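Only one structure is covered here, and it is reproduced in the block below.
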Amino acid sequence: MNFVEERIAKDGVIKSGNVLKVDSFLNHQMDVDFIDRIGREFYKGFSCKPINKILTIEASGIAIAYAAARHFNVPVVFAKKSRSVNISGDTYVSEVESFTHKKKNMVVVSKRFLNETDHILIVDDFLANGCALQGLCSIADSAHAHVEGIGIVIEKGFQIGGQVIRNLGYDLQSLSIVEAMDESTGEIVFRNQK
């Protein structure tokens, strides 16, 4: 087991509807040393690429993106789930559906922050059906930016997202892949990754 799998096994909680709660250390209360280690792992996995920006979606992806950006020494851009008065001018927009929240959002990124000179690493906490990642890839495509890779902390291997993203040709690296979860026993099975 790697450090992410160990932490999920120790502190993750399985809820009905294929929900894995990791809010005690990743996406509500955050263990900053753990998140920094995630950033370091993404750096190790993608440091051979010419990454000059990290892209994510609010809110859970921001801390992970920040940790990765520290190691790459590049800025973070995050897609906002609603247009605010602070986002003026031209924007890239994509519709994404959240597996956890069961709703669709129009996410926006100001055109000032992404363009054809950018080499992007997309990061996020979870990958289930892949809708958020497809939305971020669509925004990058609209900006003519280059998606150099995608880093995910927890991929649900029993859902279609990972297969969809890999079939689209992206370099997807997940720090942990959950193959199965049993709510009644609390058992979590991880995919063996080399």
Can you give the net charge of the other residues whose Cβ lies under 10 Å from the Cβ of Phe72, counting K and R as +1 and D and E as -1? +3
Only bridges whose two residues both fall in the chain count here: according to DSSP, what percent of them are antiparallel, nearest 5? 45
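Restricting to Cα pairs below 8 Å that are 6+ residues apart, what does the relative contact order work out to for the chain? Please round to a whole percent.
Rounded, it is 18 percent for the chain.
Please give the net charge around Val189, taking every other residue with its beta carbon less than 9 angstrom from that of Val189, where Lys and Arg add +1 and Asp and Glu add -1. Numbers along the way, then the final one.
On the way: positive: Arg191; negative: Glu179, Asp182, Glu187.
Surrounding charge for Val189 is -2.
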Taking the Cα atoms of the chain alone, what are Rg (to one decimal) and Dmax (as a whole number) in Å? 16.0, 52
Mind scanning Lys10/Lys81; Lys44/Lys103; Lys10/Lys44; Lys111/Lys194; Lys80/Lys194; Lys10/Lys156 and naming the pairs with a C-alpha gap bigger than 27 Å? Lys10/Lys81; Lys44/Lys103; Lys111/Lys194; Lys80/Lys194
Antiparallel as a % of all DSSP beta bridges within the range 98-194, to the nearest 5? 25
Can you give the Kirkwood hydrodynamic radius for the range 102-194, in Å, rounded to one decimal and based on Cα pairs? 14.4
Gaussian network model of the chain, Cα within-10 Å springs - most flexible of Lys81, Lys103, Lys111: Lys103
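Just so you know, all these numbers are worked out from the coordinates, no wet-lab data involved. None of the values given here were measured: they were computed from a predicted structure. Quick reminder, even Gly has a Cβ in these numbers, built from the backbone with ideal geometry, and neighbours come from all protein chains shown.
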